Amino acid sequence: MDKTSQFSLLLEKFRNGTASKAELTELLTILNDEQFENNTATENLLSEIWQKIPDTPQVFDEGKSEMLLHNVMNAPASVVPMRRSNLRRVIAVAAILIILVGGYFLIPAPKQPSGSPLALNKPAQSSPILPGTNKAELILDDGTSVALDSLNNGRIAEQSGVQVRNVDGKIVYTRGSKTAPIISYNTLRTPKGGFYQLTLSDGSKLWLNAASSIRYPVMFSETERVVELNGEAYFEVAKDSERPFTVKTDNMDVQVLGTHFNVMAYNNESAVKATLLEGSVKIRAAGNDALLTPGQQAKLNSSDKKLEVISNVNVEEVVAWKNGYFQFERVGTAELMRQIERWYDVEVKFDGPVQPRAFGGKIARSSNLENVLKILEWSKISFTVENKTITVKHTN
């Protein structure tokens, strides 16, 4: 197969979201070929393919390659020639770059009129805004506050006969041989741009997302296990048929015996959501009860306090934060920016009304803010960054 025919095939696969990592590598190699760059048939083909790409966001299968991303990001300027005659090539290469940065995250740019230069808006930021890190504050029963981001491994305290230790960036509660009858409570709190993992005295594990807090007893009672959550956490509850485990939020209680689930209960979100990955959970909210099976989500709308159960939820998207990603599926601008606001510890403002816009895709949460905004700018949105304030503006 000649190179032009192979390029045609690879571009079609790219557009359909079926290209493998090896095929993307081959496509980038061809695009970097100077002889191929000047091929008239190729330029015509690029134009045809681009005209077929829809203006709505596209989600492709995951195929992230850090090596490819590094190569493209550090390629010489000649790889992406900013000449008017090669506008469509620039768009194609930039689209591939977007996919690699975001782990197959593609939001097509508006089709530029012939002869117009292509340029991404660059935030006016003197130093990069870095992603969140493993940091939190532990508040002990006596009110003592312990900053965990700079704490070495070892014992933090002993309360009610339970050892509290910091182990490789995780808080672990270990039950001793003797326990006190008095129940003590601790609170783990993450700031914006923070994340932490916790192992409770019963062996249950939880991951606390940014701008969240959880209050829990150092040692659970003999009849129940109850914690109070504000924000978002993922739970892996140790099985105990004698003591149900309950997560309380302002408007919803989630009760389990032993299971894996996610609870999102931020005060500035439009709904409280409990999503089940494994086992079963009982939901109580707004005077109603619901029993979830794996793959279902209980959603309590903040406006009308209506409880609904949604089946076949994309659980990978729900727990993406815990696994180190932003993952979106038809997510609006305001909701998306709230996630960015929490993780990068920034303030978001909108210049003008928030227009209906749906995003889809996946971005590593380890990405610097500037890289994330560059990706989003391909969906007719511009950003201005001053200090730690992001101003968002929709463009035509």
Go through Val331, Val346, Val315 for me and flag whichever is touching a Ser or Thr at 6+ places or on another chain (Cβ under 9 Å) and under 26 Å from Thr389 (Cα atoms).
Val346
Sort out which residues of the stretch 333-367 are assigned to a loop (DSSP other than H, G, I, E, B) and either within 16 Å of the chain's Cα centre (by Cα) or not acidic (Asp, Glu) (or both), and write them in order of number.
Asp345, Val346, Gly352, Pro353, Val354, Gln355, Pro356, Arg357, Ala358, Arg365, Ser366, Ser367
Selection status of Asn368, over 22 Å from Ala265 (Cα atoms) and of a type outside the set (D, E, K, R)
yes
When you check Leu229 against the structure, is it modelled with pLDDT of 95 or more, over 22 Å from Ser201 (Cα atoms) and within 26 Å of the chain's Cα centre (by Cα), yes or no?
no
Would you please list the contacts, defined by Cβ atoms under 7 Å and residues six or more apart or on different chains, that run from a residue in the stretch 305-316 that is among the acidic types (Asp, Glu) to a residue that is outside any loop (DSSP other than H, G, I, E, B)?
Glu308/Lys299; Glu316/Gln327
Of all residues making up the stretch 135-162, the number that are in a strand (DSSP E or B) and either within 18 Å of Met219 (Cβ to Cβ) or open to solvent by less than 20 Å² (accessible area, probe 1.4 Å) (or both)
8
Only unsatisfied item for Glu269, checking (1) open to solvent by 10 Å² or more (accessible area, probe 1.4 Å); (2) touching a Phe, Trp or Tyr at 6+ places or on another chain (Cβ under 8 Å); (3) in contact (Cβ under 8 Å) with a residue 60 or more places away in the chain, is (2)
Exactly one of (1) touching a strand residue (DSSP E or B) at 6+ places or on another chain (Cβ under 6 Å); (2) without any contact (Cβ under 8 Å) to a residue 40 or more places away in the chain is unmet by Asp250. Its number?
(1)
Quick one: Glu370 ticks every box in (1) outside any strand (DSSP E or B); (2) buried (at least 19 other Cβ atoms within 10 Å of the Cβ) bar one, so which box is it?
(2)
Asn230 - would you say it is open to solvent by 30 Å² or more (accessible area, probe 1.4 Å), assigned to a strand (DSSP E or B) and either more than 17 Å from Thr275 (Cβ to Cβ) or in contact with a Lys or Arg (Cβ under 8 Å, 6 or more places away or on another chain) (or both)?
yes
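Filter the stretch 163-183 down to residues that are among the hydroxyl-bearing types (Ser, Thr, Tyr) and assigned to a loop (DSSP other than H, G, I, E, B) and give me whichever is least open to solvent (accessible area, probe 1.4 Å).
So the first thing to find is which residues in the stretch 163-183 are among the hydroxyl-bearing types (Ser, Thr, Tyr), and the list is 173-174, 177, 179.
Now restrict to residues that are assigned to a loop (DSSP other than H, G, I, E, B): 177, 179.
Numbers: Ser177: 126, Thr179: 65 Å².
Looking at residues that are among the hydroxyl-bearing types (Ser, Thr, Tyr) and assigned to a loop (DSSP other than H, G, I, E, B), I get Thr179.
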Residues in the stretch 198-214 that are of a type in the set (D, E, K, R) and over 22 Å from Val319 (Cβ atoms): how many?
0
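The values are calculated or read from the model by the stated rules, or taken from the named source; none is laboratory data. The model shown is predicted, which means the values in this text are computed figures rather than measured ones. Cβ: placed from backbone, ideal geometry, glycine included. Neighbour counts: every protein chain shown. These accessible areas exclude ligands, DNA and RNA; they are computed on the full protein's heavy atoms, side chains included. Shrake-Rupley method; radii C 1.70, N 1.55, O 1.52, S 1.80 Å.
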